[in-house]
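The values are calculated or read from the model by the stated rules, or taken from the named source; none is laboratory data. Model, not experiment: these values are computed from the prediction. When we count neighbours, we look across all protein chains shown, and the Cβ atoms used for this are built from the backbone with ideal geometry, even at glycine.
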């Protein structure tokens, strides 16, 4: 496929790795922000190609991972209602709440549907006027324009039986939270390419300057990621801390202004709780007051559902780049994708699940993964 | 979850007052909403995420990445010629 295959060319990848090796003189710790980037890095073993002194740590940019357990429980409480058709992206279905996951709830007779786009929910709502159609709206800024448009369309076209359970988060405050932590090890960031395709990258200028960290907006293919790492290492070696854009084929400085306007029309910024991390001020979106008739949390009165996390999970430290999945004694033993204990194991894009799925728990157990 | 896939617009149409397109992803065709890329035209590539085009692929920039990589290649060759001992395996 055009604009994909050429960015998986191993000759180019190797050349970039050689260049990183040539310019690097000191150890550096770089965080890739987005879970999709983590998945690519582990899938292609890019961290194994890098010279020893360049360490990648994995960031908080996995929306399924950071959705709080109590929000999952709220979703399940709504999905169990007989008057509801509950719609979600596929990757939320196997995330366990306190009592099972959405697959089990569906098996028990509830109406749970996987959708490709939030607009599919509007079709379902129009076709089922006697049901309440609820969409589980999780995601970062990349997904916000799609979810905002679904709500906007529902209001303007009078689709009154459509609502969203919103658990939207935004990236920049999470980077600030990581950098302010006394345990922080991160010296440079690979910025989230598709978040910036929507929002642009001007929000990151102040972070780069204030905390003196290079931030390189980076794509998702192996060549993109290695080039982003090379650009970050170059800045670190030269003592620069700027926002640069590796992913210019998809991202412009200002981002997608049409999409930003729609986000501003439908959502307000609010404090949000991040699974494994806690509350980060101004780190998410809620529906604006005029869209309250499409707010599932209000309609179904589930805001009082509160849940505690298992205590042994270290996912908060993994999400901040302080620890790696292999540092956890439960990794690959008590905690697996089938029996996840916390945030970073629940989604394929979480660092722990990516390590597990590509055989790295075997390394932790002293077994050669072979062929991975 | 934030993945967006590049695809080529093959057809543009209206649905429920929204500008929509059929987009080809290496032989698989899916619908995408063009509300956020109003200038997009058939034949162009767009990045599609959950049924929405979130940006148009900037073909000049895509080409520039390659040009830059080629230049890096040539630079490495020049350096290898002038300082053969500095090569690191």
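In the range A:346-372, what residues are in a helix (DSSP H, G or I) and at pLDDT below 90?
Residues satisfying the conditions are A:346, A:360, A:361, A:362, A:363, A:364.
Could you check how many residues of the range B:13-60 are part of a loop (DSSP other than H, G, I, E, B), under 13 Å from residue A:146 (Cβ atoms) and more than 9 Å from chain A (Cβ to nearest Cβ)?
Of the residues in that region, 1 qualify.
Within the range A:216-256, how many residues turn out to be touching a helix residue (DSSP H, G or I) at 6+ places or on another chain (Cβ under 7 Å) and either buried (at least 24 other Cβ atoms within 10 Å of the Cβ) or closer than 25 Å to residue A:17 by Cβ (or both)?
The number of residues fulfilling the criteria is 28.
Being in the same structural domain as residue A:202 (by TED's automatic domain parsing) and in contact (Cβ under 8 Å) with a residue 60 or more places away in the chain is true for just one of A:134, A:115. Which residue is that?
Answer to the check: A:134.
Out of the residues in the range A:53-93 that are within 13 Å of chain B (Cβ to nearest Cβ) and assigned to a helix (DSSP H, G or I), state the one that is modelled with the lowest pLDDT.
Selected residue: A:91.
Would you mind telling me which numbered condition in (1) part of a helix (DSSP H, G or I); (2) under 30 Å from residue A:202 (Cα atoms) residue A:121 fails?
Here residue A:121 clears every test but (2).
Exactly one of these conditions fails for residue B:63: (1) more than 8 Å from chain A (Cβ to nearest Cβ); (2) in contact with a strand residue (DSSP E or B) (Cβ under 8 Å, 6 or more places away or on another chain); (3) at pLDDT below 95. Give me its number.
With (1) more than 8 Å from chain A (Cβ to nearest Cβ); (2) in contact with a strand residue (DSSP E or B) (Cβ under 8 Å, 6 or more places away or on another chain); (3) at pLDDT below 95 applied to residue B:63, the lone miss is (2).
Can you tell me which condition residue B:15 does not meet? The list is (1) crowded, with 16+ Cβ neighbours inside 10 Å; (2) over 12 Å from the mean Cα position of the chain (by Cα); (3) modelled with pLDDT of 90 or more, and all the others hold.
Going through (1) crowded, with 16+ Cβ neighbours inside 10 Å; (2) over 12 Å from the mean Cα position of the chain (by Cα); (3) modelled with pLDDT of 90 or more one by one, residue B:15 breaks only (1).
If residue A:302 passes every condition in (1) part of a loop (DSSP other than H, G, I, E, B); (2) surrounded by fewer than 17 Cβ atoms within 10 Å (Cβ to Cβ) but one, which one does it miss?
(2)
Quick one: which of A:133, A:159, A:213, A:171 is within 13 Å of another protein chain (Cβ to nearest Cβ) and crowded, with 24+ Cβ neighbours inside 10 Å?
From the options A:133, A:159, A:213, A:171, the qualifying one is A:171.
Going by the structure shown, is residue A:85 in the same structural domain as residue A:174 (by TED's automatic domain parsing) and in contact (Cβ under 8 Å) with a residue 60 or more places away in the chain?
no
Output the residues belonging to the range A:15-49 that are within 11 Å of chain B (Cβ to nearest Cβ) and either assigned to a strand (DSSP E or B) or free of Cβ contacts under 8 Å to residues at least 24 places away in the same chain (or both).
A:15, A:18, A:22, A:33, A:34
Give me a count of the residues in the range A:320-337 that are more than 18 Å from residue A:357 (Cβ to Cβ) and in contact (Cβ under 8 Å) with a residue 60 or more places away in the chain.
Residues that pass the stated criteria total 3.
Looking at (1) more than 10 Å from chain A (Cβ to nearest Cβ); (2) modelled with pLDDT of 90 or more, which one does residue B:84 not meet, given that it meets all the others?
All conditions are met except number (2).
Just a yes or no: is a residue in the range A:171-179 outside any helix (DSSP H, G or I), in contact with a strand residue (DSSP E or B) (Cβ under 7 Å, 6 or more places away or on another chain) and either in the same structural domain as residue A:260 (by TED's automatic domain parsing) or closer than 16 Å to residue A:247 by Cβ (or both)?
Taking every residue of the range A:171-179 in turn, at least one turns out to be outside any helix (DSSP H, G or I), in contact with a strand residue (DSSP E or B) (Cβ under 7 Å, 6 or more places away or on another chain) and either in the same structural domain as residue A:260 (by TED's automatic domain parsing) or closer than 16 Å to residue A:247 by Cβ (or both).
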